[in-house]
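The values are calculated or read from the model by the stated rules, or taken from the named source; none is laboratory data. As the structure is a computational prediction, the values presented were derived from the model and not from experiment. Every residue, glycine as well, gets a Cβ built from its backbone with ideal geometry; the counts of neighbours run over all protein chains shown.
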Amino acid sequence: MKPLHTNRTNYHSHSLFCDGRADMRDFVRFALSHRFSSYGFSGHAPLPFSTAWTMEWDRMDDYISEFRRLRTLYRGQIELYIGLEIDYLDASHNPASPQFAALPLDYRIGSIHMLPDIDGHWIDVDLPYDKFSLMVNEHFGGDIESLVRLYYKHSRQMLAAGGFNIVGHADKIHYNASSYRPQLTESLWYDSLVRAYFEEIAARGYQMEVNTKSYEELGVFFPDERYFSYIHALGIPVQVNSDAHYPDRIDNGRRAALEALYQAGYRFVMELHGGFWQPVPISLNGRL
């Protein structure tokens, strides 16, 4: 087994079972070639309606079976774990729903991708900026503040509902919202919403991921790096995940995120080893 103190882990990735672009084995082989010690899959969990990016229930058994095959195949070379990224919609569909609780998973990521628009239709709000701006105009009448407030309302409802370990890409809306309306994220009302959200994450004892998916392209983390010191002060345990949809992106932004966390006061990140979450020291000695 590889040393534990290299911080080479990732627990947020998507394979061909949802909207990923490669099969699970390709991700494992790339993780091995980059000396990862621990790796996890987190397919987009089924929704009550079909989408282009979520898994269907009739693929769940295959997803679990393929993971178990790979875990056996690569035992002794890398620790493999299985999870799901589960959307919070409402009281009837969320990570705590019985159908998700019954699955043999190592962890669950709770995320917000969908919100009801002004007509009550579920709309994907996690989009590239060009599509995001069109969506705000078409489905929310151009009222970006209303959309942002709704996003954090649902995010806090997700925390209350529970059923997961890790808060997925917290504050992800900040980049698109500030692109739609420059300086929006500098507003007092926005800062208050975000801080209240982080305070509740801390109070309820969740882990938070630092999601590096957009770092190489946009230079941003989710949550926004400016809050790293605040979440550290709140005592929120963090892990670094790349939200990879391609095998060659599992390492994107990892070192930069670890360096930023260290500068913010963090000395440990959470990793899965031996089947348990452990705080592992951040190593900045070149082995990253």
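Inspect region 22-32 for any residue being assigned to a loop (DSSP other than H, G, I, E, B) and crowded, with 22+ Cβ neighbours inside 10 Å and give the result as yes or no.
Checked region 22-32: no residue is assigned to a loop (DSSP other than H, G, I, E, B) and crowded, with 22+ Cβ neighbours inside 10 Å.
For region 17-51, which residues satisfy the criterion of being of a type in the set (Ser, Thr, Tyr), out of contact with any Pro (no Cβ under 8 Å at 6 or more places or on another chain) and under 18 Å from Arg254 (Cβ atoms)?
Ser33, Ser38, Tyr39, Ser42
Do we find a residue being surrounded by 22 or more Cβ atoms within 10 Å (Cβ to Cβ), outside any loop (DSSP other than H, G, I, E, B) and touching a Cys at 6+ places or on another chain (Cβ under 7 Å) anywhere in region 1-15?
Within region 1-15, the subset surrounded by 22 or more Cβ atoms within 10 Å (Cβ to Cβ) is 7-15.
Now restrict to residues that are outside any loop (DSSP other than H, G, I, E, B): 9-10, 13.
Next, only the ones that are touching a Cys at 6+ places or on another chain (Cβ under 7 Å) stay: none.
No; the residues of region 1-15 include none that is surrounded by 22 or more Cβ atoms within 10 Å (Cβ to Cβ), outside any loop (DSSP other than H, G, I, E, B) and touching a Cys at 6+ places or on another chain (Cβ under 7 Å).
Within the set of pairs 6+ apart or on separate chains, which have a first residue in region 30-54 that is at positive phi, a second that is part of a loop (DSSP other than H, G, I, E, B) and surrounded by 23 or more Cβ atoms within 10 Å (Cβ to Cβ), and C-beta atoms under 6 Å apart?
So the pair list comes out as Arg35/Arg8.
Starting from residues that are in contact (Cβ under 8 Å) with a residue 24 or more places away in the chain, among the hydroxyl-bearing types (Ser, Thr, Tyr) and out of contact with any strand residue (DSSP E or B) (no Cβ under 6 Å at 6 or more places or on another chain), keep the ones in region 188-220 and report whichever is nearest to Gly163 (Cα to Cα).
Selected residue: Tyr197.
Scan region 159-183 for residues that are buried (at least 18 other Cβ atoms within 10 Å of the Cβ), in contact (Cβ under 8 Å) with a residue 40 or more places away in the chain and over 18 Å from the mean Cα position of the chain (by Cα) and report the count.
The qualifying residues number 1.
One line per residue, one yes/no per condition, for (1) out of contact with any Gly (no Cβ under 7 Å at 6 or more places or on another chain); (2) part of a helix (DSSP H, G or I); (3) at pLDDT 95 or above:
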| residue | (1), (2), (3) |
| --- | --- |
| Ala202 | no, yes, yes |
| Met208 | yes, no, yes |
| Phe228 | yes, yes, yes |
| Asp248 | yes, yes, yes |
| Asn252 | yes, no, yes |
| Tyr266 | yes, no, yes |
| Gln278 | yes, no, yes |
| Leu284 | yes, no, no |
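Give the residue, chosen from Gly265, Gly219, Gly275, that is small (Gly, Ala, Ser) and closer than 19 Å to Leu32 by Cα.
It is Gly275.
Can you tell me how many residues in region 232-242 are under 16 Å from the mean Cα position of the chain (by Cα), under 11 Å from Met208 (Cβ atoms) and either assigned to a loop (DSSP other than H, G, I, E, B) or among the β-branched types (Val, Ile, Thr) (or both)?
Here the count works out to 4.
If I ask for residues that are buried (at least 20 other Cβ atoms within 10 Å of the Cβ) and not acidic (Asp, Glu), which ones from region 207-226 would you list?
Met208, Val210, Asn211, Thr212, Lys213, Tyr215, Phe221, Phe222, Pro223
Tell me whether region 184-191 contains one or more residues that are closer than 23 Å to Asn241 by Cα and in contact with a helix residue (DSSP H, G or I) (Cβ under 6 Å, 6 or more places away or on another chain). Explain how you work it out, then say what you get.
As a first pass, look at region 184-191 and keep what is closer than 23 Å to Asn241 by Cα: none.
No; the residues of region 184-191 include none that is closer than 23 Å to Asn241 by Cα and in contact with a helix residue (DSSP H, G or I) (Cβ under 6 Å, 6 or more places away or on another chain).
Looking at Asn211 and the list (1) in contact with an Asp or Glu (Cβ under 6 Å, 6 or more places away or on another chain); (2) on the phi > 0 side of the Ramachandran plot, which single condition is not satisfied?
Evaluating Asn211 over (1) in contact with an Asp or Glu (Cβ under 6 Å, 6 or more places away or on another chain); (2) on the phi > 0 side of the Ramachandran plot leaves (2) as the failure.
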